[in-house]
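Every read-out reported here was derived from the displayed coordinates using simple, explicitly stated rules and does not represent laboratory data. Quantities reported herein were computed from a predicted structural model and do not represent experimental measurements. Note: ideal-geometry Cβ built from the backbone for every residue, glycine included; neighbour counts use all protein chains shown.
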Amino acid sequence: MTGADQQASLEGVLKDEILRMYQEVADNPDAEFHFFHGREAAEMFGYDPEWLDRAPAGAVDSFAGVGNPHERAELKPGETVLDLGSGAGLDAIIASWLVGSEGRVIGVDLNPSMCHKAQANLAATGASMECHEGRMEDIPLPDASADVVISNGVVNLSFRKRRVAEEMFRVLKPAGRISITDIVSGRELSQSIVNDPKLWAA
Amino acid sequence: MFELLEDAGFTNVRTAVVPGFQFRKASTRNAAEAYGVKAVMITATKAEG
């Protein structure tokens, strides 16, 4: 097997593991995971409690971010926001409140059932979002289609982060911006972690 | 990540540590500490024109 074949194989297994893990967070929000999630995590990262009271419980309970991308996104009314890895939709819901009815929120998620869940959660707030099933390495949007890309704990899941950075750049309009929160490592991960999709997805 | 964003063409790349981030399980927390794992906020812009 060539290096490229091996990476493609690992990526396929990783995709399955990511789908399994985050579907489990969505389906069983009361379960205990190795990361904090739900309202407990959102409050830890400084989400406005009023937002969390106002958002549908299904979006808050399934929140699995690692920070608060809204803290520095400075979203303005009328802007188009792409939420990369939109999950159950909490960040997209908050974005929809900030950009208002003149704005637009677009989600992209690996898992089509999470897209449906996020759209239902937004609909419950009276807002709406487009959501596309897709990979962050091949964002299913045209060039220059968003003012802002937000993302929360997602880019680290990719084996091809350089490609993700290029894709975020491509879909942004000139003068567009990103505000993402993510996990980084200060040391190179051991090969045993890199080759273990369960650990990588974690 | 910082370098990847700059290589992609982004400017004004800024990072800051997410205060308070930690893993729930002690075993994961210990492994993360050993590898210097942390959560960061990253902002960057795409230059006009």
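For this structure, a couple of remarks:
- Cβ-Cβ distance of A:Asp16 and A:Asp138, R₀ of 22 Å, FRET efficiency by 1/(1 + (r/R0)^6): the value works out to about 0.80.
- Relative contact order computed over chain A (Cα-Cα under 8 Å; 6+ residues apart), in percent: 20 percent
- B:Ala31 paired with B:Ala47, simple spin-label distance in nm, labels 7 Å along Cα-to-beta-carbon: 4.2 nm
- The H on the amide N of A:Ser86, modeled in the peptide plane, is under 5 Å from the matching H of A:Val108, A:Asp109, each at least 5 residues off or on a different chain.
- A Cβ-based charge dipole, computed about the Cα centre of the protein assembly as shown with Lys and Arg at +1 and Asp and Glu at -1, lands at about 360 debye.
- Residues of type lysines that A:Lys76 reaches as a straight line, Cα spacing below 16 Å, ignoring anything fewer than 8 places off in the same chain: A:Lys173
- In the stretch A:30-99, Cα pairs under 8 Å separated by at least six residues give a relative contact order of 33 percent.
- Efficiency of FRET between A:Asp48 and A:Asp5 - r from beta-carbon atoms, R0 41 angstrom, step 0.05: 0.30
- Inter-label distance for B:Thr11 and A:Glu102, nm, one decimal - labels placed 7 Å from Cα along Cα-to-Cβ: 2.7 nm
- Cross-link partners of A:Lys161 among aspartates and glutamates (Cα-Cα below 13 Å; sequence separation of 8 or more within a chain): A:Glu11, A:Glu137, A:Asp138, A:Asp182, B:Glu3, B:Glu6, B:Asp7
- Charged neighbours of A:Met129, selected by a Cβ distance under 14 Å, balance to -4 (K, R count +1; D, E count -1).
- Debye equation applied to the C-alpha atoms of chain B, log10 I(q)/I(0) at 0.18, 0.24, 0.30, 0.33 Å⁻¹: -0.66, -0.86, -1.06, -1.16
- Charge tally for A:Asp147 (other residues, Cβ to Cβ under 11 Å; Lys, Arg +1; Asp, Glu -1): +3.
- Between B:Val13, B:Ala26, B:Val40, the Cα set farthest toward the positive side of the dipole of chain B (charges on each charged residue's Cβ, about the Cα centre) is that of B:Ala26.
- One compactness figure for the protein assembly as shown is 0.95, namely its Cα radius of gyration divided by 2.2 N^0.38 Å.
- From the alpha carbon centroid of chain B to that of the stretch A:123-160 is 18 Å.
- Net lengthening on full extension, A:His34/A:Arg163 (0.36 nm per residue, minus Cα-Cα): 43.6 nm
- With Cα atoms, 0 to 90° folded angle of helix A:161-171 axis to chain A main axis: 30 degrees
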